[in-house]
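K.L.:
Please see the structure below; I have some questions.
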Amino acid sequence: MSADDTNYQALVGGIVADALETRSVAPEDAFADLQVNSVLLLRIVAAIEDRLGTSIDIVDVLQAQTVGDLADLARSYALREEESRG
């Protein structure tokens, strides 16, 4: 895991923890175990998109099973956006 990976894990983990009103979550924490419903997940994604300045396809988001999966997804979208800008 690179420093960038760690940054995305921390960013997404912090957003998820804030949404759940808890101190922290781990990358391996499953959304089902955290009792994240679809409305809460949409709020989490909106917060990630706001922080990254890019949008994430909801179909991809719904396939994420864990906080780490969502962090990886957010990172891939951000990198793709950076590459498209030039």
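K.L.:
So which residue, out of THR54, THR22, THR66, gets the largest mean-square fluctuation from a GNM of the chain using Cα contacts under 10 Å as springs?
P.N.:
Per the Cα network of the chain with a 10 Å cutoff, THR22 tops the list.
K.L.:
What are the residues whose amide H is under 5 Å from the amide H of LEU34, where those residues sit 5 or more places off or on another chain and H is modelled from the backbone?
P.N.:
none
K.L.:
Hey, what number do you get for the chain at 222 nm if only DSSP H runs of n ≥ 4 count, each worth -39500 (n - 2.57), divided across all residues, to the nearest 500?
P.N.:
Rounded to the nearest 500, it is -22000 deg cm²/dmol.
K.L.:
Taking the Cα-to-Cβ direction at ASP5 and at ARG80 and moving 7 Å from each Cα, how far apart do the two end points lie in nm?
P.N.:
Output for this residue pair reads 2.0 nm.
K.L.:
At most 11 other Cβ atoms within 10 Å and a DSSP loop assignment: could you name the trypsin sites (Lys or Arg not before Pro) in segment 1-61 that fit?
P.N.:
ARG23
K.L.:
What does the accessible area per residue of the chain come to in Å², with a 1.4 Å probe and no ligands, DNA or RNA counted?
P.N.:
Per-residue value: 62 Å².
K.L.:
Also: Provide the per-residue ³J(HN,Hα) series for segment 16-28, in order, calculated from phi with Karplus coefficients 6.51, -1.76, 1.60 and θ = phi - 60°, each as a whole number of Hz, with x at glycine and proline positions.
P.N.:
With coefficients 6.51, -1.76 and 1.60, one gets 5, 4, 4, 5, 8, 6, 10, 6, 7, 9, 9, x, 7 Hz.
K.L.:
Given H placed on each backbone N at 1.01 Å, which residues far from THR66 in sequence or on other chains put an amide H within less than 5 Å of it?
P.N.:
So THR66 has HN proximity to PHE31.
K.L.:
Same structure again: By how many nm would the segment from SER38 to ASP50 lengthen if fully extended, with 0.36 nm per residue of separation less the alpha-carbon distance?
P.N.:
Length gained, SER38 through ASP50: 2.5 nm.
K.L.:
Moving on to the next point. So what are the ³J(HN,Hα) numbers for segment 62-75, from phi and the Karplus equation (6.51, -1.76, 1.60; θ = phi - 60°), rounded to whole Hz, Gly and Pro as x?
P.N.:
These are the phi-based 3J(HN,Hα) values: 5, 8, 5, 9, 10, 4, x, 4, 5, 5, 4, 5, 4, 5 Hz.
K.L.:
DSSP loop (so not H, G, I, E, B), at most 15 other Cβ within 10 Å: list which GluC sites (Glu not before Pro) in the chain pass both filters.
P.N.:
Here the GluC sites (Glu not before Pro) that fit, given the DSSP loop and packing criteria, are GLU21, GLU28.
The values are calculated or read from the model by the stated rules, or taken from the named source; none is laboratory data. If you're wondering where the values come from, they're calculated on a predicted model, not measured in any experiment. All Cβ positions, even for glycine, are placed from backbone atoms using ideal geometry, and neighbour counts span all protein chains on display. Heavy atoms of the whole protein, side chains included, go into the accessibility calculation; ligands, DNA and RNA do not. Shrake-Rupley method; radii C 1.70, N 1.55, O 1.52, S 1.80 Å.
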